[in-house]
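Let me begin by presenting the structure, written as structure tokens, before commenting on it.
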Amino acid sequence: MTDNPKINLPDIKLLVLDVDGVLTDGSLIINQDGTESKTFNTLDGHGIRMWQRLGLKVAFLSGRTSIPTEIRAKQLDIEYCLQECHDKLPEIKKLIEQMNIKPENVAYIGDDVTDLPVIRYVGFGVAVKNAVDEIKEYADYVTTKNAGHGAVRQVIEYILKNNGKWENVIKRYLA
């Protein structure tokens, strides 16, 4: 992990998020009826909205299929909610091609070894604070916040503040 990203942050056009262990703290609640519940952080959700207001895209990329993930994607108007992706690198390559962007225009946040190929492939790979050591070793940036506790928002603010777009976002709240 380095303190300075290896890319020019203004070029980030797509933020791709693992779900379990990034947008959530990794816990799964299995209810008596077999349904699943997850907890999502509202700071992360608002950060995603701020990102989108700038015309930037967000995608969820999860190794599991989950109804709560699908619902959260719909709540946040996330166009790309890719689930049941056990081999994430081919999926991210397809998405990048479909969106007609380059890997260096992509930021990815992950937490476990299944995210390692993507973190090494994209322009700005991020590990959450409580990620496994292998992810932190290869990440360009490691959050100071744990997954499910504002880590995604921290990354969004980091990118926007370092590419000069944060002032455009925050002025809405200062008026």
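The values are calculated or read from the model by the stated rules, or taken from the named source; none is laboratory data. From a predicted model like this one, the values you see are computed outputs, not experimental measurements. Cβ: placed from backbone, ideal geometry, glycine included. Neighbour counts: every protein chain shown.
Here K102 fulfils each of the conditions (1) touching a residue at least 60 places away in the same chain (Cβ under 8 Å); (2) out of contact with any Ser or Thr (no Cβ under 9 Å at 6 or more places or on another chain); (3) not aromatic (F, W, Y) apart from (1).
If you check L82 against the conditions, is it touching a Ser or Thr at 6+ places or on another chain (Cβ under 8 Å) and under 26 Å from R53 (Cα atoms)? Show your work before the answer.
Working: touching a Ser or Thr at 6+ places or on another chain (Cβ under 8 Å): yes; under 26 Å from R53 (Cα atoms): yes.
Considered against the rule, which asks whether it is touching a Ser or Thr at 6+ places or on another chain (Cβ under 8 Å) and under 26 Å from R53 (Cα atoms), L82 comes out as yes.
When the residues of segment 94-115 are filtered to those that are over 14 Å from the mean Cα position of the chain (by Cα) and within 26 Å of N162 (Cβ to Cβ), which remaining residue is surrounded by the most Cβ atoms within 10 Å (Cβ to Cβ)? Give the steps one after another, and end with the answer.
Taking segment 94-115 first, the residues over 14 Å from the mean Cα position of the chain (by Cα) are 94-104, 113-114.
Narrowing the set further to residues that are within 26 Å of N162 (Cβ to Cβ) leaves 95-96, 99-104.
Numbers: L95: 19, I96: 21, M99: 16, N100: 7, I101: 17, K102: 12, P103: 16, E104: 17.
Step by step, filter segment 94-115, then rank; the result is I96.
Select from segment 13-36 the residues that are assigned to a helix (DSSP H, G or I) and of a type in the set (D, E) and list them in ascending order. Working first, answer last.
Step one: filter segment 13-36 for residues assigned to a helix (DSSP H, G or I), giving 19-23.
D20 - this is the single residue of segment 13-36 that is assigned to a helix (DSSP H, G or I) and of a type in the set (D, E).
So, in segment 47-62, of the ones that are assigned to a helix (DSSP H, G or I) and of a type in the set (A, V, I, L, M, F, W, C), which residue ends up farthest from L14 (Cα to Cα)? Only one residue tops the list, namely M50. Scanning segment 7-16 finds one or more residues that are surrounded by fewer than 21 Cβ atoms within 10 Å (Cβ to Cβ), of a type in the set (S, T, N, Q), at pLDDT below 95 and at negative phi.
I'd like to check which helices (runs of 4 or more DSSP H) are fully inside segment 63-175 and have at least 3 residues that are over 18 Å from K38 (Cβ atoms).
Qualifying helices (runs of 4 or more DSSP H): 88-99, 116-121, 133-138, 151-162, 166-174.
Residues satisfying the criterion are present in segment 54-67 (criterion: among the basic types (K, R) and at pLDDT 95 or above).
Give the number of residues within segment 124-175 that are of a type in the set (A, V, I, L, M) and closer than 22 Å to L28 by Cα. Step through it out loud before you land on a result.
Restricting attention to segment 124-175, the residues satisfying the condition of being of a type in the set (A, V, I, L, M) are 126-128, 131-132, 135, 139, 142, 147, 151-152, 155-156, 159-160, 169-170, 174-175.
Subset that is closer than 22 Å to L28 by Cα: 127-128, 131-132, 135, 147, 151-152.
Selection size over segment 124-175: 8.
Only a single criterion out of (1) in a loop (DSSP other than H, G, I, E, B); (2) more than 19 Å from G21 (Cβ to Cβ); (3) not aromatic (F, W, Y) is not satisfied by T39, namely (2).
Residue under question is D44, and the condition is that it be of a type outside the set (F, W, Y), in a loop (DSSP other than H, G, I, E, B), closer than 23 Å to N163 by Cβ and at pLDDT 95 or above; does it hold? Show your work before the answer.
Values: of a type outside the set (F, W, Y): yes; in a loop (DSSP other than H, G, I, E, B): no; closer than 23 Å to N163 by Cβ: yes; at pLDDT 95 or above: yes.
No; evaluated as a whole, the condition is false for this residue.
Going through (1) free of Cβ contacts under 8 Å to residues at least 60 places away in the same chain; (2) crowded, with 19+ Cβ neighbours inside 10 Å one by one, R64 falls short only on (2).
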